[in-house]
Amino acid sequence: MRARGTYSSLSSNPNGSVRAGLAALGAFMATAAASVSPALGSPEFVQRAPLCASGSAPAGDDSLASGWLQRMIEAATAEPITECEYFLLAPEGNGGGDAVGPTGGGRALIAQRRIVRGSATLLEREVLFEEGSLRVLHTERIQGRRRTLTYREIQPAGARTWLAEWTVDGGAGRILGHGWRRPTHEPLIAPRGLVGPLELLEGLRAGSARGPVQVLDPLAAKGSQLTAEISPGSRPGLETFRATRSDGTLLIEAEASAGARALTGLRFATGQRVGRPISRDEYERRHEMWNRPRIPAHQRVRAELLGTR
């Protein structure tokens, strides 16, 4: 509907003000650029698509509007600042190995990215499990006081999405869900200072998140008060970031060199799997291998017994 309205404002009155048409076009392009969703089928789930605009600004009364439009285009197509890190999540003591096929060890790949474009920051975490082809996409958009958290679970048989919008000032927000037993559309009463898990991790890295913190947990589908702390790490020169729920269970634990952003370890539950950093090449190799179509176990056994392939 917005695209149709923009086209109408540019074409229905050839003698009308060019300034109004340019302003509407700029608003439409900014909205379209902000609504582009990441690709789900590639390990590079944040892809860059450079755009270009040509032409000169018309002289006269409309030069102001054209200059504003040009700045809008440049802002929408500006190259983002991106930080990436990759992990292999495996049972503690199991380095992951290089087995060709599934190991049954509960391994998962994790990609975390922080994208800064202008005044907006996008935090992303993609988790791909080795068994079951389950992929989890968790994003948090931070722009001024506004927050948008999107949590998606994607499987070959289907997907489900949970989205929450609110402001850190607290008050009324909203929750949308699709793919569960029934669609969800309900209000969210956000406490002041509410953040998402990825933003909490950013605060721990920066040393600004300590003590009681209000966090919206997408797995629990509600906000709760957590305790954030920073303590000495397992080795000299390391720091441990930890956020625990009121019942003592762990939301996240990470380790990094003092004063550095890069994490040297990642954990989501006590005494279970731990994530170790891996290179982008290893991440992409495993991502491609784990994404290949697999033969169901009963068909594989039958083929081995019959000697067929």
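Kindly list, by first and then second residue, each pair from a residue in region 177-191 that is assigned by TED's automatic domain parsing to the domain that holds S224 and farther than 13 Å from A221 by Cα to a residue that is assigned to a loop (DSSP other than H, G, I, E, B) and at pLDDT 75 or above, limited to pairs with Cβ atoms under 7 Å and residues at least 6 apart or on different chains.
Partner pairs satisfying both residue conditions: P191/G170.
Pick out the one residue from G223, G233 that is more than 20 Å from V116 (Cα to Cα), in contact with an Asp or Glu (Cβ under 6 Å, 6 or more places away or on another chain) and assigned by TED's automatic domain parsing to the domain that holds L149.
Being more than 20 Å from V116 (Cα to Cα), in contact with an Asp or Glu (Cβ under 6 Å, 6 or more places away or on another chain) and assigned by TED's automatic domain parsing to the domain that holds L149 holds for just one of G223, G233, which is G233.
Show the residue pairs meeting these rules: Cβ distance below 7 Å; 6+ apart or different chains; first residue within region 137-162 and closer than 17 Å to L109 by Cα; second residue surrounded by 16 or more Cβ atoms within 10 Å (Cβ to Cβ) and charged (D, E, K, R).
Close Cβ pairs satisfying both conditions: L137/E126; L137/R152; H138/R125; T139/E124; I154/R135.
Being under 21 Å from the mean Cα position of the chain (by Cα) and β-branched (V, I, T) is the filter here; which residues of region 246-289 pass it?
Hits for region 246-289 are I252, T264, V274, I278.
Test of understanding: among L122, L109, L89, which residue is in contact with a helix residue (DSSP H, G or I) (Cβ under 6 Å, 6 or more places away or on another chain), assigned by TED's automatic domain parsing to the domain that holds L201, buried (at least 18 other Cβ atoms within 10 Å of the Cβ) and at pLDDT 90 or above?
Just a single option satisfies the conditions, and that option is L109.
Pull up region 218-250, narrow it to residues that are closer than 16 Å to R192 by Cα and buried (at least 17 other Cβ atoms within 10 Å of the Cβ), then point me to the one that is modelled with the highest pLDDT.
Per the criteria, the residue is L226.
Being of a type outside the set (K, R) and not in a strand (DSSP E or B) is the filter here; which residues of region 136-195 pass it?
If the condition is that a residue be of a type outside the set (K, R) and not in a strand (DSSP E or B), then G144, P156, A157, V168, D169, G170, G179, W180, P183, P191, G193, L194 are the ones that fit.
Among the listed residues R174, R210, identify the single one that is closer than 19 Å to Q143 by Cβ, in the same structural domain as L238 (by TED's automatic domain parsing) and either out of contact with any Cys (no Cβ under 9 Å at 6 or more places or on another chain) or among the hydroxyl-bearing types (S, T, Y) (or both).
Unique residue meeting the criteria: R174.
Does A209 qualify as being in contact with a strand residue (DSSP E or B) (Cβ under 6 Å, 6 or more places away or on another chain) and at pLDDT 85 or above?
When the stated conditions are applied, A209 does not pass them.
The values are calculated or read from the model by the stated rules, or taken from the named source; none is laboratory data. All of these numbers come straight from a predicted model, not from anything done at the bench. Please note: Cβ atoms are built from the backbone with ideal geometry, for glycine as well, and neighbour counts cover all protein chains shown.
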